[in-house]
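Each remark here refers to the structure printed beneath this line.
The values are calculated or read from the model by the stated rules, or taken from the named source; none is laboratory data. Keep in mind that this is a model prediction, so the values were computed, not measured. As a convention, Cβ positions derive from the backbone with ideal geometry for all residues, glycine included, and neighbour counts pool all protein chains shown. Accessible surface is based on the protein model in full, side chains and every heavy atom, while ligands, DNA and RNA are left aside. Shrake-Rupley method; radii C 1.70, N 1.55, O 1.52, S 1.80 Å.
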Amino acid sequence: MALGNKTLDDLINPISKQLGNAKVADHVDMPEWEFKAQRVTDGKSHDELVSMFEDEAEKIHISVAHCKAADLAACLAKIVGAGVPETGEPCTVVYAADERFRAAGLADALAAESLVTKATEWDETAGEACIEAARVATYGITYATAGIAETATIAQPTCPTCGRAISLLPLCHIAVVDAAAIVPTMGEVMADLAKEEKLPSQVCFISGPSATADIELVRVEGVHGPMYVNYVIVE
Amino acid sequence: MSILYNTEATLAERVDECLSDDFKHNAIKTAQEVFYKKRGELVEEMGEGWQQLRMHAMEVRNHVTENLDYYVKQFAQNAEKNGCIMHYAPTGDDALWEVLDIFEQHNACYAVKSKSMMTEEVGLNEILEEAGIKITETDCAENILQTAESKPSHIVVPALHFNRSAIADIYREKRGYDGTDVPEEITHFLRKILREEFLEAEVGIRGCNFAVAETGSVTLVTNEGNGRMVDTFPKVQIVFVGIDRIVPDLDALDTMMALLPRSAVGAKMTAYFSLDSGPRGAGEVDGPEEVHIVLMDNGRHELANSEFSDMLRCMRCGACLNICPVYRHITGHGYGSIYPGPMGLVLTPGLVGYDDIDNMVYACSLCGACTEHCPVSIPIHDLVRQHRINIVDQGKNHKIEVPIFKALGLFWSNMPIYMAGMTLGAPIMELLAHDGALDADSTWIPVVKNWTSTRDFDILSKSRFRTWFKEHKEEQAKNAEGGEQ
Ligand code: SF4
């Protein structure tokens, strides 16, 4: 048979044949599963989940800060106001064009920080310029849709107001997450996503700084993504 | 076909080579111990839940295998609905053809790739390079291997066989690195040089850990973030998906993700796990404009509804490698397959057949540790044994085995011959022995030398166990009688 240009049927027919099916079923019912796994988060109160989220975050080298919704801008400004981690040099910031950041007055708070030389709000109309801002930024700030207690993971969907580059290219990623959005496991986030008509082009689950152990199993943080990750939990 | 490599050498030669490389097998041993310990702690923390998760994962994966045609179709249709361009590849060559076609359409000559076993399986890099396309591996270990022109020794940490100074030297020579041998410095050098490549590449090529049928999504698990770079910047993205990567829905995905990082590296979660459903949406500035999914079979369907169908549950976590005593010594290079270790012993012949695999399936002691640790409870060692049975049934074993086993059968089933052999054995062995055992001095004797060159062989006892047992019983009876008096 010639190479390439195969159809779905070319791929599926041998499978059906192997399974002894004359044709592909129109519908397959999901069976009643026999096993349902209990998870370490079972039976935990919401407060316990939040503290589990924090404990797990610490284990994977994520710094955690808390604030009230009203203090969000001040809290973020304080973190980036310290400049580049370790050196304290002047820094630049890129952040999602999120209504909640606007409502909190983030732009003004950042402008008031002497060590912040430039703060760029993600702008879908600016195209590549946004990516360039993220490439040179020290800090990228996003608003996560959920936090997962079991693994200290945040869920970060891509959307016009929050590009993938913000949580990927800067040296540090700061993810803001509402305490109320902290759930036990990834299962709850998946269940929410399953209700959506159409999934975002990407939902990225992030758990800590980018890391490798490829050279002699020595852990090194800061490979292709951020070297530092901060969470800000909004009460 | 690029599943097998270094096939000019026999299994024994490859093993000898690996055994003589102390750094290599010590590196693997350390990796095994580290991963094993971390995994063990996490499993313990989950208590009963771990076994339930395993059982649940097994029932879910089995359900997909039993309805594989349906789920492949569902995934393909839903991915298409998400705006992905589908390419169907019954064979590896079909996949290569499709990929070359995509490059041609875009007139592209530069790609970045995040680690994908499927692309290794079809030998994608070689073909692209032949076509004049530059392709850069971006996972640190894979980049080290590509720069050094070497092969993976472990499926999760593939460049363990190089020490830090060898790695630094590779980059000094090939990429102008001028730093020290410190892993951190080398890694940060890689961050710098690769970042430029990510931003320049026209095409991103990646694999997929699990594909979700209900939503048509593909997923990628990485720690370094290279997978994210690959699926954020190049305008065109090619995703390789094996037909054995499918889970029915997002709920099942959660179950798999509770098992995979724990089993693979002893972590609750990897730094990044992305769920991708189509190209960038309206108003999005980054992410691929065009997503091509190459859905590939390449021999997998033959495992369905066969004695090896359990293997279709495999999530390539590497837990079976991390526990295997044979793998510890012969390392990934001993097997001569890109799929090494216990999973490789089952998968490799499953995909390429028995003709070219040498006696690979004998690189296993059948201890069963792999089976016990497999997150989806694949009876790995039973399947290895099944391959051996098939090889013998199909007459593909070594020709000399048949007369040998016939002779042994005769010896053991014929009482007079057996008795004569046993009676003569002890005095003959005694002639050759030192201190009651055959030692390294007996290596001139064929067959025996395979054992005695590394350890002693105790000589046969002069009296038989049955004789001793009979006497022992009589003595006991006598003593008992004596006691009653
Ligand atoms: S066989 Fe089991 S343990 Fe081995 S890689 Fe596959 S899923 Fe993991």
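Things to note:
- Under 28 Å from the Cα of B:Lys399 - lysines, other chains or at least 8 residues apart: B:Lys449
- Sequence-distant aspartates and glutamates (8 or more away, or on other chains) whose Cα lies within less than 18 Å of B:Lys29: A:Asp214, A:Glu216, B:Asp16, B:Glu17, B:Asp21
- The stretch A:99-170 and the stretch B:233-277 have Cα centres lying 25 Å from one another.
- Ordering of B:147-158, A:192-203, B:434-445 by packing is B:147-158, A:192-203, B:434-445, highest average first (other Cβ atoms within 10 Å, averaged per residue).
- Inter-centroid distance (Cα atoms) of the stretch B:427-485 relative to the stretch A:200-230, Å: 60 Å
- Taking the Cα atoms of the protein assembly as shown, the ratio Rg/Rh between the radius of gyration and the Kirkwood radius comes to 1.05.
- Fraction in percent of alpha-carbon pairs per bin - 5 Å, the stretch A:129-218: 3, 13, 21, 21, 18, 12, 8, 2, 0, 0
- The label-point distance for B:Met422 and B:Asp249, in a model that sets each label 7 Å from Cα toward Cβ, rounds to 6.4 nm.
- Accessible-area composition of the protein assembly as shown, carbon plus sulfur, in percent [1.4 Å probe]: 53 percent
- Chain B, relative contact order [Cα under 8 Å, separation at least 6], %: 19 percent
- Taking the C-alpha atoms only, the angle from helix A:46-59 to the longest principal axis of chain A is near 80 degrees.
- A cut-off of 5 Å between modelled amide H atoms, ignoring neighbours fewer than 5 places along the same chain, links A:Thr153 with A:Ile148.
- The mean accessible area for residues of the stretch B:405-484, using a 1.4 Å probe and ignoring ligands and nucleic acids, is 83 Å² per residue.
- All other residues whose Cβ lies under 10 angstrom from that of B:Ile3 are scored, Lys and Arg at +1 and Asp and Glu at -1, for a net of -3.
- Scattering profile of the stretch A:43-234 at q = 0.18 Å⁻¹ [log10 I(q)/I(0), Debye over alpha-carbon scatterers]: -1.28
- On Cα atoms only, tilt of A:8-19 relative to the major axis of chain A in degrees: 60 degrees
- The stretch A:61-168: C-alpha gyration tensor shape, a/c 1.5 cut-off, then a/b vs b/c: rounded
- Long-range HN-HN contacts of A:Val229 with modeled amide H, under 5 Å: A:Ser63, A:His173
- Kirkwood Rh and Cα Rg combined as Rg/Rh, chain B: 1.07
- Three-way shape call for the stretch B:248-324 based on the alpha-carbon gyration tensor, with the a/c threshold at 1.5: oblate
- Length-normalised contact order of the stretch B:405-484 in % [C-alpha pairs under 8 Å, at least 6 apart]: 22 percent
- Across peptide B:324-331, the mean count of Cβ atoms from other chains lying within 10 Å of each residue's own Cβ comes to 0.
- Whichever lysines have a C-alpha closer than 29 Å to that of B:Lys478, once near sequence neighbours (fewer than 8 apart) are set aside: B:Lys462, B:Lys470
- Solvent exposure of the stretch A:43-234 as accessible area per residue, Å², 1.4 Å probe: 38 Å²
- Neighbouring partner chain Cβ atoms per residue of B:55-61, average, 10 Å criterion: 3
- Anisotropy class of the stretch B:1-149 from Cα gyration tensor, a/c 1.5 cut: oblate
- Between the stretch B:341-368 and the stretch B:130-194, the C-alpha centres lie 29 angstrom from each other.
- For the peptide B:79-85, the mean number of other protein chain Cβ atoms found within 10 angstrom of a residue's Cβ is 1.
- Summed over qualifying helices (DSSP H, 4 residues or more, each -39500 (n - 2.57)) and divided by its residue number, chain B shows a 222 nm mean residue ellipticity of -16500 deg cm²/dmol.
- Long pairs among A:Lys59/A:Lys198; B:Lys37/B:Lys81; A:Lys118/B:Lys134; A:Lys17/B:Lys38; B:Lys73/B:Lys113; A:Lys59/B:Lys174, criterion Cα-Cα beyond 32 Å: A:Lys59/A:Lys198; B:Lys37/B:Lys81; A:Lys118/B:Lys134; A:Lys17/B:Lys38; A:Lys59/B:Lys174
- For chain B, the longest site-free run once trypsin sites (Lys or Arg not before Pro) in DSSP loop states with at most 10 other Cβ atoms within 10 Å are removed: B:1-398
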